[in-house]
Structure formats: structure tokens, C-alpha cells
1. Would you call Tyr55 outside any loop (DSSP other than H, G, I, E, B), of a type outside the set (Asp, Glu) and farther than 30 Å from Asp191 by Cα?
2. State whether the residues of the range 111-118 include one that is open to solvent by 30 Å² or more (accessible area, probe 1.4 Å) and under 30 Å from Ser216 (Cβ atoms).
3. Does Lys138 qualify as being touching a residue at least 40 places away in the same chain (Cβ under 8 Å) and charged (D, E, K, R)?
4. Please go through the range 223-234 and give me each residue that is open to solvent by 30 Å² or more (accessible area, probe 1.4 Å) and either closer than 20 Å to Leu203 by Cβ or in a helix (DSSP H, G or I) (or both), ordered by number.
5. Residues that are among the β-branched types (Val, Ile, Thr), closer than 30 Å to Ala207 by Cα and not in a helix (DSSP H, G or I): does the range 107-118 have at least one?
6. Kindly check whether there is at least one residue in the range 370-377 that is without any contact (Cβ under 8 Å) to a residue 40 or more places away in the chain, farther than 17 Å from Leu415 by Cβ and not aliphatic (A, V, I, L, M).
7. When you look at Met359, is it hydrophobic (A, V, I, L, M, F, W, C) and either without any contact (Cβ under 8 Å) to a residue 24 or more places away in the chain or open to solvent by 10 Å² or more (accessible area, probe 1.4 Å) (or both), yes or no?
8. Determine whether Glu82 is at pLDDT 95 or above and open to solvent by 70 Å² or more (accessible area, probe 1.4 Å).
Amino acid sequence: MASLSRSKRPGPIPAIKRILLEDPSLDTPVPDHFRCPISLDLMRDPVTASTGITYDRQSIESWLERGNLNCPVTGKPIDIHELIPNHSTRKLIQEWCVQNRALGVERIPTPRIPISPLEASEILSQVSLGSRRGDKYKCGNLAMKLKEIGKESERDRRCIAAAGAARVLSAAFSQLAGESSENSKALGDWDKILSALAVFFPLDIEAKRWIISPGSLKSMVLILKYGDLSGRLSTLLVLREVVSTLDNASLESVSKTNGLAEALTLLVEKPISPLATKTSLVTIFYLISSNERAASRFVNLGLVSLLLDTLVDSDKSMCEKALAVLEGLFQCEKGRERGCEHALTVPVLVKKMLRVSDMATEFSVSALWRICKGCKKNCIVEAVQVGAFQKLLLLLQVGCNGVTKERASELLKILNGSRGSVECIETVDFKGLKRSFD
């Protein structure tokens, strides 16, 4: 659609329509010439197009970004880069807001002028220059400037990202990370770069290559161990973004980074925030997928026990992620052995079936299938005791697909042989268990 039809072109707003459009929280109507012709709301950042029509910046930019190339009012071609801030109208709107403050009108703040592609490129060039000179302080401050601008608006974020922010920041971090340090100032400068990098996802292949360099990974481990809350979270977000798309060979290489598995496990054992714990679990999930050696490293660090303790009382999102990692750990023999040895494994897995989400049910069934398929008689008997047979029957009746259906059916055959020798007990609150939780 090139422009609004004649009948829909904004003009003087009739009195009845004006009343309908008024903000119910205000005791005074908004003047027509202060309204955006597109949204009909009070303009907060008025800009004038080459056609002479003034719009609110967010409304006209959204209009153009949807593929419309013409002015909504005149139908003439306009360019998003030719929008000019209308300071006169903005000042008049601010004055009107101040005059009507007693009537519930809040003064709109003076908007920031959007960054241009040239300005974005200039700042990124300074970052590259600072990193080549080893100037952590300068790079950290420039990174924070980019982050602040990028979070100001989606348009600014996309502009900076298009100028190559992810690649430049990743390269800067890698170049500055050659010197290992537990000094809080050095960690803070690294943190600033990673914090900014997290704003400009996704990362391209070159940016990921910089991040998984040995020096970068070593520095990220140091931040995970000794950094503050913000630094650890930024590092986790970057790690998750990187490992989510790596091939198996690269994942195995990353998983071998000295201290990484320990740092991630510690964040599960001693949570610093729910988001940090969940991000750690997602990162671990990718690291152990199709990699039994990586899974064994996490098992040796006691992650199986930590996950089971987490699953006893966790929200839906945390539960799904913990179950996903637990199922991944059970791919290796050592993980299955630890699972069979732990008193909570079977009752927790059975309890989570059909109670959390479809995803949680799939991981629970798969994890239980892995440990029972190993012919561990004690796990099979306990699964029957806590009601796994009945739940699996119900699951098949309710309906499930693919691998989950196959494993649920196979589990029923495995459990059926022990049904006659044991008695099913109540499982809702883990009552009646003969094994101690200690």
C-alpha cells in the first residue's frame, strides 16, 4: 500500500472522534496538531519528512520499515534517512505539557537524535584502534557508549549492528584478552565489552571465531569465577549465543577449556540469579549434546545431584532446562550410574511426567528410559513403586509423538516384568519411599 486512501488520510479530528481518542487519564484533550497522523497519539519525537508532513519518529519509521516507501498522507516517496527532527513542534509540545501538568499531563523528555551509519562506523573504528593498542579502558568506555545508544531504540541497535558491532567487539575482546588477570579493573573492562556485545546479537561466523579463541575463553572463565553479577551474566549470555550454533568439533574444543565446566557447575550450585542459572544450564546442554566426554566431566563435578535438588522445587522454565541437562548427562554410562545411585532420580522423573509441560514430559521419559534400559533392577522396581507404569499408560492414551512414544512404550515393557512383585505407592509428595534422601 503506497499511501492511506483518501477517506483514511488524517485531517482535522471531529469532536466526537477526539473524545474517543483522548487519553482517559488526562483531563484535557490533546491538540490536533500535536498528534501523529499515523497513530493519532501525542508526538514524543516529531520529525518532518521531505513532503513537509510531521510524524512521530517511531510511527513513521515503523511504517517505512514494513516496506511502505511513500508518505502516508501525500503518497509521495520518502526516505527514512531524510527525516528531520522538528524541534519547534517538539518544544511547543513540551511547553503544552508543562502548562497542563496540573491536569495529569507529563512532560515528554527531549529525544536523542538517532545515530547515523557514519557515526556508528566511527565509534567502531575507535574500538578497533583501541584494541590494537591494548587500551582496555578506552575500549571498555566506547563499548558502554555503544550499548547505551543501542538500547535507546531498536533503530539505533540495528544501525550499530549493521555497521559490524558484533564482529568489532568480539575481535576487540579477543585481542585484549591475551593477558590473563584476576584484577577487578581488568575484569571490569572485559565485562563492558561483553555486556555491549550481548546487545548486538546475533553473532556471525567471524565474531564467534574470535569469541572461542583460547585467549577469549580463558578470560571468560576468569569473569565467571571472579567477576561481579553483571559481568558473569554478560559472559553467560555471550557463551550461550556462541555454543548454540557451533558444530560438534567446536563444541568439544570449547568444553575442554580449563575451568569452564567448574565455573558453570558452580553457578548452578550457588545461584547468583535465576537468569544466570538458566543461562548456565542452556550452555551446559549445548556443550554435552552428542559429547559423552563433556557429559562425563560435568558428572564428575556432581552436576547430577545438583540438578535433582533443583528439580524438587523449581519453576516451569528452570524445570525444563534442568531436565534437558539431566537427560543429556544420562547419555554417558557414568551419568546413568550416578542417577541410579541417587535417591531422588526416579521419583523426581516420574513426578515431572504430565505435570510441568510437554517438553518436561519428553525429557523425563527419555531420562527414565536411559537409566532403566541399562537393566538396573533397583531403578526398575522403584519406578514401578512410584507409579511410572500408570503414568506411562496415561501418557500413551493422552497422546505423544515420535521418540517419546517409542521410549514410553519400551519403558512399559521393561517395567511390566516387575509389576507383580512390588506395590505401587503414593508419589505426589514422595511419600512412602523406603530409600533415604540423604
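The values are calculated or read from the model by the stated rules, or taken from the named source; none is laboratory data. Since this is a predicted model, take the numbers as computed values, not measurements. Positions of Cβ are backbone-derived with ideal geometry, glycine not excepted, and every protein chain shown enters the neighbour counts. Each accessible area value is taken on the protein alone, full model and side chains, heavy atoms only, with ligands, DNA and RNA left out. Shrake-Rupley method; radii C 1.70, N 1.55, O 1.52, S 1.80 Å.
1. Here the answer is yes, as Tyr55 does meet what is asked.
2. Initial filter on the range 111-118 (open to solvent by 30 Å² or more (accessible area, probe 1.4 Å)): 111-113, 116-118.
Next, only the ones that are under 30 Å from Ser216 (Cβ atoms) stay: 117-118.
Scanning the range 111-118, I find at least one residue that is open to solvent by 30 Å² or more (accessible area, probe 1.4 Å) and under 30 Å from Ser216 (Cβ atoms), so the answer is yes.
3. Numbers: touching a residue at least 40 places away in the same chain (Cβ under 8 Å): no; charged (D, E, K, R): yes.
No: the conditions fail for Lys138.
4. Here is the first cut: in the range 223-234, the ones open to solvent by 30 Å² or more (accessible area, probe 1.4 Å) are 225-226, 228-230, 232-233.
Selection gives Lys225, Tyr226, Leu229, Ser230, Arg232, Leu233.
5. Yes, the range 107-118 has at least one match.
6. No, the conditions are met nowhere in the range 370-377.
7. Working: hydrophobic (A, V, I, L, M, F, W, C): yes; either without any contact (Cβ under 8 Å) to a residue 24 or more places away in the chain or open to solvent by 10 Å² or more (accessible area, probe 1.4 Å) (or both): yes.
Considered against the rule, which asks whether it is hydrophobic (A, V, I, L, M, F, W, C) and either without any contact (Cβ under 8 Å) to a residue 24 or more places away in the chain or open to solvent by 10 Å² or more (accessible area, probe 1.4 Å) (or both), Met359 comes out as yes.
8. Values: at pLDDT 95 or above: no; open to solvent by 70 Å² or more (accessible area, probe 1.4 Å): yes.
The answer is no for Glu82.
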